[in-house]
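Each remark here refers to the structure printed beneath this line.
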Amino acid sequence: MVNNPAATLPVPPLAVEERGRQTIGSLVLIGVLGLTAAGAALRFATLGLQSYHHDEVITVMRVIPGSFRQMLDAVKSSESNPPLYYVLAWAWAKVFGSGEVGLRSLSALFGTATIPLGYLIGRQLAGWRSGLVLTGLLAVNPMLIWYSQEARSYALLVFFGALSLLFFLRALDSRRGTDLALWALSSALAMCSHYFAFFAVGIEGLWLLIALRERWRVLLPALAAVAATGLALLPLIFAQVNPKHIGWIEQSPLPERLWETAVSFMIGETGHVIAEPPRDRYAIVPLVLIGVGILLALALGSRRERRGAGLGLVVGLGVVALATVAASIGKDYVVERNLLPALVPLVAVASIGFATAGARRLGILLAVALVAYWLTFDIHVTQTPNLQRPNFRALTEELGPATRRRAVVSWKLAGDPIRWYLRDHSLRMYSGEQGLSEVDVLGKPVSAGRPTNLPGSFRLAQTVRLDRLTLSRYVSPQPMRLPFETLNALPTGFGSNAVILDAPPPLRAGLGSEARTKARSTEEEG
C-alpha cells in the first residue's frame with residue numbers, strides 16, 4: 001500500500017476557518033427557513049378562525065366589490081389610508097374570493113415575507129446572531145400575527161417599512177447608488193401602504209442626507225423620488241380628511257393610548273372589544289424581556305452593536321415621538337396599529353442585546369424565553385374567544401333569518417359585520433319609524449328584565465350567552481311602531497349603538513325607501 005503524502009499534511013488554518021463559516025452559514029440558513037415556515041404556519045393555519053371585524057368588513061363590503069374605478073373612488077371617499085393595499089386586495093379577491101381565508105391570505109403572505117427580512121436587518125445592524133434572534137421574534141410576535149390575519153393594509157405597512165429600513169442600513173454602510181435606489185422604492189411603497197410610514201421614511205431620509213451628503217449626486221435623486229411620492233399623495237390625503245373616520249381616537253387620553261401601544265406591541269390587539277380583564281397582565285413578561293434586551297445592547301454591546309442599537313432606537317422611538325408631536329398640534333392619529341412602523345426597529349434593538357457576546361448565555365436564555373412566551377400566547381389566543389375578534393359569524397347564526405319585522409340593536413362597530421354576515425348589505429336604519437314585532441339586543445350583559453324604554457307589549461322571549469356577549473330577543477304579539485331614537489337608546493353596554501332593520505324576504509320591500517336610502521355606514525375607521 002502506497003501512502004499519500006498529501007493526506008498527512010495539516011489543513012491550512014484559513015481552510016478550516018472557511019469550512020467553519022460555511023457550516024455556520026448552512027445552519028443559519030436552515031434556522032431562518034425553519035423560523036419562517038413556523039411563522040407562516042402560525043399565520044395561515046388559523047386565517048379563518050375569527051370572523052371579520054368592522055374595518056375588514058369595510059374593505060370587503062364597501063371598497064373592493066365593484067370595478068377598479070369604483071374601488072379607487074371608495075378609497076378616496078370612505079377610507080383614511082393610501083390605495084396600495086386596496087389595489088392589491090381588489091385583484092387578489094378576484095382570484096381567491098372575499099371570504100376570510102381568501103382575502104386575509106394576502107396579508108398573511110406579506111406578514112410571512114417580513115420574517116426573513118428580520119434576519120437581513122439584524123445582520124446588517126449587528127451580525128448574524130442578532131439577525132437570527134430577530135427572525136425568531138418576528139415569527140412569533142402576536143401583534144405581527146394579528147395584522148397578518150386582517151384584511152387591511154397593516155401587513156403591507158410592516159413589510160415595506162422593514163424593507164425600507166433594510167436598504168437604509170445597507171445604504172449607510174455601502175454608500176452605493178443601488179442601495180439608495182432600493183431604499184427609495186421600498187420607502188415609496190411603504191408610504192403608499194399607510195401614511196404613518198412617512199415618519200419612519202422621513203427619519204431615514206434625514207439621516208441619509210446628513211451621513212451621505214458627499215454622495216449627493218446619487219443621494220438627491222433617491223430623496224427626490226421619495227418626496228415626489230409624498231407630494232403625489234397629498235391630494236388624496238386632503239380628500240380623505242374626515243373627522244368621522246378618526247374622531248374616536250381622541251376620546252381616550254394620549255398617554256393611555258401610548259401605553260396601549262406598548263401593550264399591543266407585546267400581545268397584539270387581543271381582547272380590545274370583549275376583553276378578558278385585565279388585558280395588560282399578558283404584556284408584563286414580554287415588556288420586561290424586551291426592556292432587558294435593549295439595556296443589554298446599550299450596556300454590554302460592542303461598538304458595532306451599540307451603533308446598531310442606536311439606529312434602531314432613533315427610527316423606532318422617532319416614529320412614536322413624531323406622532324406624539326403631531327398629536328400635540330392637533331393632528332392626533334396615535335393608535336396602536338398606526339404606530340406599527342416602530343415595532344420592527346425596536347424589537348431589532350432587543351435582538352441585538354439578546355445576541356451580544358457581552359451577555360454571554362443570559363441573552364440567549366432571555367430570547368428563548370420570549371419566543372416561548374409569545375408562542376404559548378399565540379396558541380392561547382386561538383383557544384380563547386375573549387382574546388379574539390368578536391365572533392360575528394356565531395352571533396348572526398344565533399340571530400338566524402328574520403321571521404318577522406325586526407330591529408337588531410348592537411354597538412356601533414358591530415353594525416356592518418352583522419349586515420355582512422346576514423348577507424344583506426342594504427339592512428340599515430338611521431332614522432324614521434317602523435312597525436316592528438321583534439327587537440334583538442346584542443351587547444354586554446347590562447341588566448335583567450325588559451328595557452324600560454321598550455313598549456310593554458315586547459316580552460323577553462330568549463336570552464343567549466355567547467362568550468362575553470349576550471343576545472336578548474324581545475317579541476311583541478302585534479307590530480309596534482318604534483322610532484329610531486328609542487331603539488338607539490337601548491342598553492348594549494357600549495358607548496354608541498347601531499340599529500339594523502330586517503324582515504323576511506316577502507316583507508323586505510315594505511321596510512320603506514327612507515330606511516334603504518339612508519343605509520350608509522358612518523362608523524369610524526382606523
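Some notes on this structure:
- Given (1) outside any loop (DSSP other than H, G, I, E, B); (2) buried (at least 23 other Cβ atoms within 10 Å of the Cβ), index of the condition Glu150 fails: (1)
- The criterion of at least 1 residues that are over 27 Å from Lys76 (Cβ atoms) is met, among helices (runs of 4 or more DSSP H) falling completely within the range 175-260, by 177-191, 197-211, 216-240.
- As for the range 323-338, it holds no residue that is under 27 Å from Ala126 (Cα atoms), aliphatic (A, V, I, L, M) and either open to solvent by 70 Å² or more (accessible area, probe 1.4 Å) or in a helix (DSSP H, G or I) (or both).
- Members of the range 477-499 that are assigned to a strand (DSSP E or B), in contact (Cβ under 8 Å) with a residue 60 or more places away in the chain, of a type outside the set (A, V, I, L, M, F, W, C) and farther than 16 Å from Arg404 by Cβ: Asn497
This table checks each residue for (1) assigned to a helix (DSSP H, G or I); (2) of a type outside the set (Lys, Arg); (3) free of Cβ contacts under 8 Å to residues at least 60 places away in the same chain.
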site: Ser351; (1), (2), (3): yes, yes, no
site: Arg360; (1), (2), (3): yes, no, yes
site: Ala369; (1), (2), (3): yes, yes, no
site: Arg389; (1), (2), (3): no, no, no
site: Ala402; (1), (2), (3): no, yes, no
site: Val409; (1), (2), (3): no, yes, no
site: Gln434; (1), (2), (3): no, yes, no
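- Subset of the range 291-317 [crowded, with 18+ Cβ neighbours inside 10 Å and of a type in the set (Val, Ile, Thr)]: Val292, Ile294, Val315
- Scanning the range 94-138 for residues that are open to solvent by 10 Å² or more (accessible area, probe 1.4 Å), of a type in the set (D, E, K, R) and either in contact (Cβ under 8 Å) with a residue 40 or more places away in the chain or touching a Pro at 6+ places or on another chain (Cβ under 7 Å) (or both) gives Glu100, Arg129.
- Flag if Val75 is open to solvent by less than 10 Å² (accessible area, probe 1.4 Å), at negative phi and in contact with a Pro (Cβ under 7 Å, 6 or more places away or on another chain): yes
- Note on the range 389-426: among residues that are surrounded by fewer than 22 Cβ atoms within 10 Å (Cβ to Cβ), of a type outside the set (A, V, I, L, M) and under 24 Å from the mean Cα position of the chain (by Cα), the one that is nearest to Asn453 (Cα to Cα) is Trp411.
- Within the range 449-507, the set of residues being surrounded by 12 or more Cβ atoms within 10 Å (Cβ to Cβ), in contact with a strand residue (DSSP E or B) (Cβ under 8 Å, 6 or more places away or on another chain) and on the phi > 0 side of the Ramachandran plot comprises just one member, Gly493.
- The listed residues are Arg428, Arg450, Arg459, Arg423, and the only one of them that is of a type in the set (Lys, Arg) and at pLDDT 85 or above turns out to be Arg459.
- For Leu47, the stated conditions do not hold, so it cannot be described as free of Cβ contacts under 8 Å to residues at least 24 places away in the same chain, farther than 29 Å from Leu236 by Cα and not charged (D, E, K, R).
- Contact annotation: residue pairs with Cβ atoms under 8 Å, 6 or more positions apart or on different chains, pairing a residue in the range 228-243 that is open to solvent by 40 Å² or more (accessible area, probe 1.4 Å) with a partner that is assigned to a helix (DSSP H, G or I), are Ala239/Lys76; Ala239/Ser77.
- Residues of the range 453-468 satisfying the condition of being within 40 Å of the chain's Cα centre (by Cα) and either farther than 29 Å from Gln50 by Cβ or of a type in the set (A, V, I, L, M, F, W, C) (or both): Asn453, Leu454, Leu460, Ala461, Val464, Leu466
- Checking the range 300-309 against the condition returns a match, with at least one residue being of a type outside the set (A, V, I, L, M), part of a helix (DSSP H, G or I) and under 23 Å from Ile115 (Cβ atoms).
- Of all residues in the range 449-496, those satisfying the criterion of being touching a Lys or Arg at 6+ places or on another chain (Cβ under 6 Å) and closer than 28 Å to Gln251 by Cα are Gly493, Ser496.
- Checking Val439, Val381 one by one, the residue that is at negative phi and surrounded by 24 or more Cβ atoms within 10 Å (Cβ to Cβ) is Val439 and no other.
- Unmet requirement for Tyr282, which otherwise passes all of (1) open to solvent by less than 20 Å² (accessible area, probe 1.4 Å); (2) modelled with pLDDT under 95: (1)
- Check on Val320, open to solvent by 30 Å² or more (accessible area, probe 1.4 Å), under 21 Å from the mean Cα position of the chain (by Cα) and of a type in the set (Val, Ile, Thr): yes
- Of the numbered criteria (1) under 20 Å from Leu117 (Cβ atoms); (2) under 22 Å from the mean Cα position of the chain (by Cα); (3) without any contact (Cβ under 8 Å) to a residue 60 or more places away in the chain, the one Phe199 fails is (3).
- Subset of the range 344-378 [of a type in the set (Val, Ile, Thr) and more than 18 Å from the chain's Cα centre (by Cα)]: Val349, Ile352, Thr356, Ile364, Val368, Val371, Thr376
The values are calculated or read from the model by the stated rules, or taken from the named source; none is laboratory data. Model, not experiment: these values are computed from the prediction. Backbone-built Cβ (ideal geometry, glycine too); neighbour counts: all protein chains shown. Just the protein is used for accessible areas: all its heavy atoms, side chains included, with ligands, DNA and RNA removed. Shrake-Rupley method; radii C 1.70, N 1.55, O 1.52, S 1.80 Å.
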